Amino acid sequence: MKSYRYLQYILRHKWYVAVAGRKLGVPLWQLLTHDLSKFNITEWSAYIKRFYPEKELTEKPAAFDYAWLKHQKHNKHHWQHWVLISDHGVIKPLKMPRKYALEMIADWTGANHSITGIPDCKEWYENNKQYMLLHPETRNLVENIILGKQ
């Protein structure tokens, strides 16, 4: 039952990402392949244990952290994919290619639509932007689109 509920969520999310992404001009193939790694058994099982637990969780299972890291590093629409951590501890956000930045916005919009029913990510972005390490040009693009600064 938990797998079925999670599958429903993923498919709903992918649909809303596709709708938002087409409005932003994201290529169709990119949207069709969006989040396919979530169907990988490592991500699938860890996400189910995190979001559909048998009992109330007091902390995130370690398996989820590894699955989330893998997801970020294998999916270029996550800003974390574009953060370089040097051998000396310097953390540097790299500029995201436009097509991935647009997919990221579509992802946020689709997630918000799936969870809240609201097809917009402006409020979510405003509440979370201080935690994101974005290259200045990427942040400018994102804010121009989301906050309508164009």
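At-a-glance table
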| item | result |
| --- | --- |
| Selected from Ile146, Phe51, Trp124, residue furthest toward positive end of dipole (the chain; charges at beta carbon) | Ile146 |
| Cα extents of the stretch 2-139 along the three principal axes, largest first (Å) | 42, 40, 28 |
| Estimated FRET transfer efficiency when R0 is 30 angstrom, pair Asp65-Lys92 (beta carbons, to 0.05) | 0.85 |
| Per-pair calculated FRET efficiency, R0 = 22 Å: Val83 and Phe39 via Cβ, rounded to 0.05 | 0.30 |
| Lys55 versus Asn127: modelled label distance in nm, points set 7 Å from Cα along the beta carbon direction | 2.9 nm |
| Extension reserve of the Thr116-Leu32 stretch, reckoned as 0.36 nm per residue once the Cα distance is removed | 28.0 nm |
| Loop-located trypsin sites (Lys or Arg not before Pro) in the stretch 48-104 whose Cβ has at most 15 other Cβ within 10 Å (DSSP) | Lys55, Lys95 |
| Only Lys, Arg (+1) and Asp, Glu (-1) charged, at Cβ; the stretch 9-116 dipole about Cα centre in debye | 400 debye |
| Å² per residue, accessible surface of the chain at 1.4 Å | 63 Å² |
| Point-to-point label distance, Val19-Arg5, nm (Cα→Cβ direction, 7 Å offset) | 2.3 nm |
| Shape parameters for the stretch 106-150, alpha-carbon atoms, Rg then Dmax in Å | 10.7, 30 |
| Among 83-92, 7-16, the order from most to least packed when residues are scored by Cβ within 10 Å on average | 7-16, 83-92 |
| Viscosity 0.692 mPa s, 37 °C: Kirkwood-radius Stokes-Einstein D of the stretch 12-58 over Cα pairs, µm²/s | 266 µm²/s |
| Accessible-area composition of the chain, carbon plus sulfur, in percent [1.4 Å probe] | 58 percent |
| Helix-only [θ]222 nm of the chain, DSSP H runs n ≥ 4, -39500 (n - 2.57) each, per residue, nearest 500 | -18500 deg cm²/dmol |
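The values are calculated or read from the model by the stated rules, or taken from the named source; none is laboratory data. Note that this is a predicted model, so its numbers are computed, not measured. We place every Cβ from the backbone using ideal geometry, glycine too, and count neighbours over all the protein chains shown. The protein model used for the area step is the full one, side chains on, heavy atoms only, and it has no ligands, DNA or RNA in it. Shrake-Rupley method; radii C 1.70, N 1.55, O 1.52, S 1.80 Å.
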